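Only one structure is covered here, and it is reproduced in the block below.
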Amino acid sequence: MAHAAPASRRMITQRRRPDVFGPRVHAAVKVGLPVVLGLVYGFWAAANQRHGGPITGWNLLFGFVTALVFAVLFAAVCALAPRLPRELHALCWFVFSGCAVGFLYSQTGASVFSSSGLGLLVGAAVLAMVFYRYYTHEDAEGRRIG
């Protein structure tokens with residue numbers, strides 16, 4: 001009677017988590033994602049600031065500076081946050097997302113209180129979502145499960 005040979009541990013691991021993209025794609029996304037998101041964020045902030053008026057040189061400068069700051073901060077959070085415990089990891093995303101949304105809303109001419117409130121609301125939603133994800137996908141030492 002013929003029996004199938006038992007699968008090696010490597011085959012089992014590869015079946016659970018296939019790596020669809022190669023190392024070159026991961027490297028390109030690591031650089032490209034902050035740049036693309038930064039440009040979108042900068043364009044959005046500049047459009048909010050000018051209130052539908054004409055595009056000026058100062059508006060373009062504001063958009064590019066905003067895009068640069070957003071891209072650098074996003075890349076920093078993506079690089080540094082995974083090294084932290086899950087509570088601080090989620091807190092980093094809370095601060096980043098809350099500040100980003102609050103700043104965008106403040107460019108529409110809204111009050112400081114409403115901008116802060118919206119930033120806190122969005123940040124709290126991101127905190128809950130991200131903490132739940134890390135809590136259910138990591139063990140107590142912060143290693144991925146499965």
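If I ask for residues that are farther than 16 Å from Trp44 by Cβ and of a type outside the set (A, V, I, L, M, F, W, C), which ones from the range 90-129 would you list?
Once the filter is applied, which keeps residues that are farther than 16 Å from Trp44 by Cβ and of a type outside the set (A, V, I, L, M, F, W, C), the range 90-129 yields Gly98, Ser111, Ser114, Ser116, Gly117, Gly123.
Assuming Ala76 fulfils every condition listed in (1) open to solvent by 60 Å² or more (accessible area, probe 1.4 Å); (2) among the hydrophobic types (A, V, I, L, M, F, W, C); (3) out of contact with any Pro (no Cβ under 8 Å at 6 or more places or on another chain) apart from one, which condition is it?
(1)
Determine which member of the set Gly32, Gly63 is surrounded by 15 or more Cβ atoms within 10 Å (Cβ to Cβ) and small (Gly, Ala, Ser).
Gly63
Of the conditions (1) more than 11 Å from the chain's Cα centre (by Cα); (2) surrounded by 15 or more Cβ atoms within 10 Å (Cβ to Cβ); (3) modelled with pLDDT of 90 or more, Leu88 satisfies every one except a single condition; which number is it?
(2)
The values are calculated or read from the model by the stated rules, or taken from the named source; none is laboratory data. Computed from a predicted model, the values in this text were never measured in an experiment. Because the Cβ atoms are built from the backbone with ideal geometry, glycine has one as well, and the counts that use them run over all protein chains shown. Keep in mind that these areas ignore ligands, DNA and RNA; they rest on the heavy atoms of the full protein, side chains included. Shrake-Rupley method; radii C 1.70, N 1.55, O 1.52, S 1.80 Å.
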